[in-house]
1. Which number in (1) surrounded by 12 or more Cβ atoms within 10 Å (Cβ to Cβ); (2) among the charged types (D, E, K, R); (3) farther than 22 Å from GLU40 by Cα marks the one condition that ARG64 misses?
2. Kindly state which helices (runs of 4 or more DSSP H) lie completely within the range 32-147 and contain at least 1 residues that are of a type in the set (Ser, Thr, Tyr) and more than 28 Å from PHE5 (Cα to Cα).
3. Considering only the range 89-145, state which residues are farther than 26 Å from GLU35 by Cβ, in contact with a helix residue (DSSP H, G or I) (Cβ under 7 Å, 6 or more places away or on another chain) and of a type in the set (Gly, Ala, Ser).
4. Is it the case, given these coordinates, that LYS105 is under 18 Å from the mean Cα position of the chain (by Cα), among the basic types (Lys, Arg) and surrounded by 12 or more Cβ atoms within 10 Å (Cβ to Cβ)?
5. Among the residues of the range 51-99, what is the count of those that are of a type in the set (Lys, Arg) and at pLDDT 90 or above?
6. Identify, please: which residue in the range 1-48 is modelled with pLDDT of 70 or more and of a type in the set (Gly, Ala, Ser) and is, among those, farthest from VAL92 (Cα to Cα)?
7. From the list ARG140, ARG100, ARG118, which one is of a type in the set (D, E, K, R), surrounded by fewer than 13 Cβ atoms within 10 Å (Cβ to Cβ) and more than 20 Å from the chain's Cα centre (by Cα)?
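The values are calculated or read from the model by the stated rules, or taken from the named source; none is laboratory data. A quick note: this is a predicted structure, and the numbers were derived from the prediction, not measured. Glycine gets a Cβ as well: all are built from the backbone with ideal geometry, and neighbour counts include every protein chain shown.
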Amino acid sequence: MPVSFEREAEKLIWNMMQHVPKGRLFITDEFSHGEVKMLEYLFMTGDGLTAGQLSEKLGVSTARTARMLKTLEGKGLIRRGADENDKRRVLVFLTEEGKRRGESKYKQMKEYFSELFRRLGEEDTLAALRLIERISKITRELCLKDM
């Protein structure tokens, strides 16, 4: 079965978002590193998370998370709303503008990596991805070992 360069590009984007120190989907001068990671996380995993969940997943303090949410809300990229099942819980959602910008940046990255893989060819693409996945697995193991 021929390789789908688009599917492989999506896998690489997800992998890089997880392991590259500075996020790239939303990268501009208007966002801090933490804001970029938060927007990427919401875009890639789906929104409707609590601030506590975001704090835990992104590895930042709850105070830092609260500041980032306030800033992103002011920029019109996220909104907060009550959980339908538990009105005491507040959930974070991307706004339509947040989704639009995420989709646009995601499309740019997918096109970039798809072209990169086309130029590499099927054999080298699959070999590179196998190594990247192996390196990521070992990196996660090493990081967890140090905790």
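1. (3)
2. By residue number, 51-58, 62-74.
3. Answer for the range 89-145, where residues must be farther than 26 Å from GLU35 by Cβ, in contact with a helix residue (DSSP H, G or I) (Cβ under 7 Å, 6 or more places away or on another chain) and of a type in the set (Gly, Ala, Ser): SER114, ALA128.
4. Judged against the criteria, LYS105 is a match.
5. Matching residues across the range 51-99 total 7.
6. This residue is SER4.
7. Exactly one of ARG140, ARG100, ARG118 is of a type in the set (D, E, K, R), surrounded by fewer than 13 Cβ atoms within 10 Å (Cβ to Cβ) and more than 20 Å from the chain's Cα centre (by Cα), namely ARG118.
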